[in-house]
Amino acid sequence: MRYQTLQSRPLRIAITFGIVLIVGLADYLSGYEISFSIFYLLPISFALWKLGTPFAVAVAGLSVASWLLGDWAAGVAYPNRFVPVWNASITFGFYLVVIWLLSRLKSFQETLEGRVRQRTAALAAEIEIRERLEKEILIISEREQQRIGHDLHDTLCQHLTGTAIAGQVLGEKLAAESRPEVADANEIVELIEQGIAIARNLARGLFPVEIEAEGLISALRELALRHAGRSRIACHFEMERPALIHDAFTAAHLYRIAQEALRNAVRHSGARHIVISLTEEGGGARLVVKDDGGGIANLSQERNGMGLHIMRHRAGLIGAAFDIESDSHGTVVSCRVVIHPQKKET
């Protein structure tokens, strides 16, 4: 870098002298009747901007000398020696004023650029801190959801299961005594079993992705089956080339993106078929949620929706490329993330 700077400075000096020579030659050819003194501001300004104020002052002196020399060679005759000295002094003073104004302008520009760079650096640091905090908040949120999911599965479901068993035992005792309350006991057991199923579904929704590499694949397959059972929309999971996500944070966000895209498709698209796919693609993983609905009427306005904003934000946190395409034949939500080698199991 230092070598390039040293090389560029001689080039700038040569350009400055070249401009002075060209203006001086034009001044000589036009004769002393036409003044070219203002055109010497070109090399002076260039020297000031590229080489600094001291060099610009030297170029101003050289320009005055070139101007006087050109007029003398063109045959100018002065009535006395004081006239060229006076003219040269006035011209040189004019150049100095211009140099002072330009130097102030340059200083102001450099100060402004410095402030802009500082502000840009401060904004970049603030954005980095904010993104890190947002990531930490989401990590904490996912961790709390995992804890609640485990509590639901390990405590509430177990408690309800014990209650259901107790209800079955009570029903058997009532049946042995031919009591009419047997039907009520069986209904209570059935309601408890329904509560167990609801609690398990809630637990899966809160903590859907296991730590293992194939956890995301299993979670997406179960997500498709669960939605297919709840609605009349055909929903299934496809996987041509398995993409194993070893990072739990990345896997969790990919699942949430698929969950949000599937929820939007079920609620708003009017689709009959929805396909979720997770495929290995060029050293990365590509998640796609595709439906055959009516599409999004105004995608530019819909981009400001909360659901798309959350999906796009989650993709940004894991360094993934998020894209959505929609027309009258359906909507395709895709998210591609790079799988780093160090995240793979050895």
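Is there any pair with a first residue in segment 241-268 that is crowded, with 19+ Cβ neighbours inside 10 Å and assigned to a helix (DSSP H, G or I) and a second that is aromatic (Phe, Trp, Tyr) and at pLDDT 85 or above whose Cβ atoms are under 8 Å apart and which are 6 or more apart or on different chains, and what are they?
Matching pairs, first to second residue: 257/322.
State the number of residues belonging to segment 94-124 that are among the small types (Gly, Ala, Ser), free of Cβ contacts under 8 Å to residues at least 12 places away in the same chain and surrounded by 12 or more Cβ atoms within 10 Å (Cβ to Cβ).
Just the residues of segment 94-124 that are among the small types (Gly, Ala, Ser), to begin with: 103, 107, 114, 121-122, 124.
Filter again for free of Cβ contacts under 8 Å to residues at least 12 places away in the same chain, leaving 107, 114, 121-122, 124.
Pick out the ones that are also surrounded by 12 or more Cβ atoms within 10 Å (Cβ to Cβ) and you get none.
Qualifying residue count, segment 94-124: 0.
Of the conditions (1) small (Gly, Ala, Ser); (2) part of a helix (DSSP H, G or I); (3) free of Cβ contacts under 8 Å to residues at least 40 places away in the same chain, residue 149 fails just one. Which one is it?
(3)
Run down 179, 200 and say which single residue is at pLDDT below 85, within 22 Å of residue 220 (Cα to Cα), surrounded by 12 or more Cβ atoms within 10 Å (Cβ to Cβ) and among the charged types (D, E, K, R).
Answer to the check: 200.
Since residue 168 meets every condition but one in (1) of a type in the set (S, T, N, Q); (2) farther than 30 Å from residue 256 by Cβ; (3) loosely packed, with under 12 Cβ neighbours inside 10 Å, which condition does it not meet?
Among (1) of a type in the set (S, T, N, Q); (2) farther than 30 Å from residue 256 by Cβ; (3) loosely packed, with under 12 Cβ neighbours inside 10 Å, residue 168 violates only (3).
Just name the residue that is nearest to residue 18 (Cα to Cα) out of those in segment 57-74 that are open to solvent by 50 Å² or more (accessible area, probe 1.4 Å) and over 60 Å from the mean Cα position of the chain (by Cα).
So, considering only residues that are open to solvent by 50 Å² or more (accessible area, probe 1.4 Å) and over 60 Å from the mean Cα position of the chain (by Cα), the one nearest to residue 18 (Cα to Cα) is 69.
Of (1) in contact with a Lys or Arg (Cβ under 8 Å, 6 or more places away or on another chain); (2) small (Gly, Ala, Ser); (3) modelled with pLDDT of 85 or more, residue 243 satisfies all except one. Which?
Of the numbered conditions (1) in contact with a Lys or Arg (Cβ under 8 Å, 6 or more places away or on another chain); (2) small (Gly, Ala, Ser); (3) modelled with pLDDT of 85 or more, the odd one out for residue 243 is (3).
Does residue 103 fit the bill of being closer than 30 Å to residue 255 by Cβ and of a type in the set (Ser, Thr, Tyr)?
Spelling it out, it is not the case that residue 103 is closer than 30 Å to residue 255 by Cβ and of a type in the set (Ser, Thr, Tyr).
Does residue 77 satisfy the condition of being more than 16 Å from residue 23 (Cα to Cα), among the aliphatic types (A, V, I, L, M) and in a helix (DSSP H, G or I)? Reasoning before the result, please.
Working: more than 16 Å from residue 23 (Cα to Cα): yes; among the aliphatic types (A, V, I, L, M): yes; in a helix (DSSP H, G or I): no.
When the stated conditions are applied, residue 77 does not pass them.
Restricting to segment 75-93, count the residues that are within 26 Å of residue 29 (Cβ to Cβ), open to solvent by less than 80 Å² (accessible area, probe 1.4 Å) and either modelled with pLDDT under 85 or not hydroxyl-bearing (Ser, Thr, Tyr) (or both).
Result for segment 75-93: 8.
When you go through 116, 85, 23 one by one, which is the residue that is touching a helix residue (DSSP H, G or I) at 6+ places or on another chain (Cβ under 6 Å) and not aromatic (Phe, Trp, Tyr)? Before you say what the answer is, go through the steps one by one.
Details: 116 fails: touching a helix residue (DSSP H, G or I) at 6+ places or on another chain (Cβ under 6 Å); 85 fails: touching a helix residue (DSSP H, G or I) at 6+ places or on another chain (Cβ under 6 Å).
Result of the check over 116, 85, 23: 23.
Among the candidates 11, 6, 51, which residue alone is at pLDDT below 90, over 18 Å from residue 74 (Cα atoms) and open to solvent by less than 30 Å² (accessible area, probe 1.4 Å)?
Working: 11 fails: open to solvent by less than 30 Å² (accessible area, probe 1.4 Å); 6 fails: open to solvent by less than 30 Å² (accessible area, probe 1.4 Å).
Of 11, 6, 51, the one residue that is at pLDDT below 90, over 18 Å from residue 74 (Cα atoms) and open to solvent by less than 30 Å² (accessible area, probe 1.4 Å) is 51.
The values are calculated or read from the model by the stated rules, or taken from the named source; none is laboratory data. It should be emphasised that the depicted structure is a prediction, and the values quoted were computed from it without experimental measurement. Using ideal geometry, Cβ is built from the backbone for each residue, glycine included, and neighbour counts are taken over all protein chains shown. Accessible surface is based on the protein model in full, side chains and every heavy atom, while ligands, DNA and RNA are left aside. Shrake-Rupley method; radii C 1.70, N 1.55, O 1.52, S 1.80 Å.
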